[in-house]
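This report concerns only the one structure given below.
The values are calculated or read from the model by the stated rules, or taken from the named source; none is laboratory data. Computed from a predicted model, the values in this text were never measured in an experiment. All Cβ positions, glycine included, derive from the backbone under ideal geometry; neighbour counts span all protein chains shown. Ligands, DNA and RNA are stripped out before the accessible areas are found, and what is left, the full protein with its side chains, is counted by its heavy atoms. Shrake-Rupley method; radii C 1.70, N 1.55, O 1.52, S 1.80 Å.
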Amino acid sequence: VQLQAFGGGLVQAGGSLRLSCAASGTTFSINAMGWYRQAPGKQREMVARISRDGITNYADYVKGRFTISRDNAKNTVYLQMNSLRPDDTAVYYCKINSFGGTNYWGQGTQVTVSS
């Protein structure tokens, strides 16, 4: 499975961005999909994830601001980010879990929120 992420950029605090991540290759094996982020000097952390059936869970710091969704027909996962804050600045990575237990990571997309 190969992943291609899009949608990062520079936005002012309070603004919005929508990330997308499209999978190609052995897409029938895709199970859960998710977004992670890594800020400079910090460990990578989970932002949101969604099961194949659409069950979602979020990190506490994005609840009410971010929404994850997926389109199984397009093998794509989205992250709508609203009310962005400077501490949301990070490289955002999409991740896919296969039914066989393998994890696949996208290349990362930079999100920068200015104050």
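Residue by residue through the stretch 43-71, note down the ones that are in contact with a strand residue (DSSP E or B) (Cβ under 8 Å, 6 or more places away or on another chain) and part of a loop (DSSP other than H, G, I, E, B).
Across the stretch 43-71, the qualifying residues are ARG44, SER51, ARG52, GLY54, ALA59, ARG65.
Applying the selection to the stretch 62-115, what residues are open to solvent by 70 Å² or more (accessible area, probe 1.4 Å) and either in contact with a helix residue (DSSP H, G or I) (Cβ under 9 Å, 6 or more places away or on another chain) or closer than 17 Å to ALA39 by Cα (or both)?
Passing the criteria: ARG85, ASP87, PHE99, GLY100, TRP105, GLN107, GLN110, SER115.
Can you pull out the residues in the stretch 28-42 that are out of contact with any Lys or Arg (no Cβ under 8 Å at 6 or more places or on another chain) and open to solvent by less than 30 Å² (accessible area, probe 1.4 Å)?
SER29, ALA39
Within the stretch 85-102, is there a residue that is part of a strand (DSSP E or B), β-branched (Val, Ile, Thr) and either without any contact (Cβ under 8 Å) to a residue 40 or more places away in the chain or touching a His at 6+ places or on another chain (Cβ under 8 Å) (or both)?
no
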